Amino acid sequence: MSKNGHQMVGVALAVMSFSWIHAMGYVWLLSIAGAIAAFFGSTAPDWLEISHAERDANGRWQRHSIIPHRTLTHWVPLWIALLLWSARSLLHTHGAPVLTGSAYAALMGFAIGGIGHLLCDIPNPSGVPVFLPVAQGRVSLRMWQSGAPIEWLEVLAFLASAVIAVVNL
């Protein structure tokens, strides 16, 4: 999915994250922390690679990353583990200082955003690594190429889910 698509999905995931944390009975500050982090988490698997551009031998710009694209930063078990750990930790913060709860809510939102990113990438032929964080461990639905106009249906589905989350608050 394109960066714009991931950011639009990030808006939807921010709304959903806010709604879920608020529905769990936490104060507004924790819900806001989770929402902001969900937005940034929706693009995190790409920027966590720490990519940069370099000129090749022919003078063309090539993308290079410290962590190869769609490997460790896109590894599904890592994001699920972060979500489960942060949600469990958040549940144990009732009565703790708000700052402690805000950190766990932010991590939970960040994980929600990251998982949303992976859900948007799995229809792409490149897929996402599910079993091992290497190219050979990728799973793909092979439905469309990144940047295809049909991606916006996926964005609309996330936005509709966000509306449902708000209505059910």
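Within segment 115-134, restricting attention to residues that are farther than 16 Å from Trp47 by Cβ and of a type in the set (Gly, Ala, Ser), the residue that is farthest from the chain's Cα centre (by Cα) is Ser126.
Among the polar types (S, T, N, Q), out of contact with any Leu (no Cβ under 9 Å at 6 or more places or on another chain), in a helix (DSSP H, G or I) and loosely packed, with under 15 Cβ neighbours inside 10 Å: is that true of Asn4 in this structure? Answer is yes for this residue.
Scanning segment 129-145 for residues that are polar (S, T, N, Q) and more than 23 Å from His69 (Cβ to Cβ) turns up nothing. Counting only residues that are under 29 Å from Asp121 (Cα atoms) and either surrounded by 15 or more Cβ atoms within 10 Å (Cβ to Cβ) or basic (Lys, Arg) (or both), segment 73-106 holds 18 of them.
Here, each number is a calculation from the coordinates, and none is a lab measurement. On a predicted model such as this, the values are computed, not experimentally measured, just so you know. For neighbour counting, all protein chains shown are included, and Cβ atoms are generated from backbone atoms with ideal geometry for every residue, glycine included.
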